[in-house]
Structure formats: structure tokens, C-alpha cells
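Single-structure report; data block below.
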Amino acid sequence: MSITTKKQIPPCLLAIAVCVGGAILVLAACPELFGPSLRVDQRFATYHEAVAAGALHVDSYIPPFIPKSATNIHDVHNADINTGHGSFEFDADDVDDFKQSIVQDELPDAELEKLRDLPAPQEKAYRRDYYLLLVDWELGECRWWLE
């Protein structure tokens, strides 16, 4: 009489296999959990192009108070973690209006250290709403960050 014995899978290997299989199922069934982030990198040639695309409104990542002469508008933001930064250029004709809209909130020198990018010597730093801005009034350039 012959006796056959079956080999059993060790419990620890069985547990690992079940965990790996479960993880694969979760990843396959829920790609939005582990999919790409909501990072957006957008560029607009003009203010009017940004408005037409719906990129300038009260809750936008681009500061809604940028001058109407703004060009070369660049916005990079991540809606997952509510961060963003960008830049634009503007005409000398809009300097006075733009300056009046933000100049009351000029940052003191002590706060400049907190900026992610140190301002160039000719740039002035401002805060408006939840934006930090670095403005070069002579060149008509502005960079911003969400605070």
C-alpha cells in the first residue's frame, strides 16, 4: 500500500499571496486613488485668452486682479494640494492701476526671507488675498505664488 502525502503551503506564504493579490485588485479597481495628480501647467498669450478659457475668476489659481494688458501668462498649480505659482508681463500703461490694486500690501523686508524665490534687487514684494507677488515695475513683469 502506498501512501501519498500532500505538501502544504506554509501559512506565511499564503498570507503574502493574498495580500499581494488584494493590492493588485485595489489598484486595478480604483486607479483614481493612485492615478495622476491634478497638476496643471497652462499658458495664455493674453489676458483675453485666459478669460475666454475661464482661467480668470474669483477662485482661480491665476490672480484675478492681473492687468488687462497681461501677456505671456504662465500658471502651474496642483489642485490636489492647493499650491500654485506663475508669472505674466504687463504694459507700462497699466502700471498705475496695477500698483494701486496691490501696493497697500507691500511686504516688509523681514518677510522677504520667507519667499520661495528671493526677489531680484529691482523687484518689490506684495501680498494680496492669498497671493504673494514679486513685481518688477520697470520691466513690467510679475511672478506669483499661492500662500
* Structure fact -> Given a Förster distance of 25 Å, the FRET efficiency implied by the Cβ-Cβ spacing of Trp145 and Asp93, rounded to the nearest 0.05, works out to 0.45
* Asked: Once both labels are modelled 7 Å past Cα along the beta-carbon direction, what's the Asp129-His48 spacing in nm?
  -> 2.3 nm
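Compute the Cα gyration tensor for region 39-146, then decide on rounded, prolate or oblate, letting a ≥ b ≥ c be the square roots of its eigenvalues: rounded whenever a/c is under 1.5, prolate when a/b is larger than b/c in the other cases, and oblate in all that remain. Intermediate results must be reported in sequence, preceding the final value.
Values: a/c = 1.76, a/b = 1.17, b/c = 1.50.
Oblate is the answer for region 39-146, as a/c is 1.5 or above yet b/c matches or exceeds a/b.
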* Asked: Dipole of region 39-146, Cα-centred, from +1 at each Lys and Arg C-beta and -1 at each Asp and Glu C-beta, to the nearest 20 debye?
  -> 340 debye
* To do: Only loop residues by DSSP count here, and only those with at most 16 other Cβ atoms within 10 Å; note down the trypsin sites (Lys or Arg not before Pro) in region 34-73 that meet that.
  => Lys68
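Each value in this text was obtained by applying a stated rule to the coordinates, not by laboratory testing. Since the model is a prediction, treat every value here as computed from it, not as a measurement. Don't worry about glycine lacking a Cβ; one is built from the backbone with ideal geometry, like all the others, and counts go over all protein chains shown.
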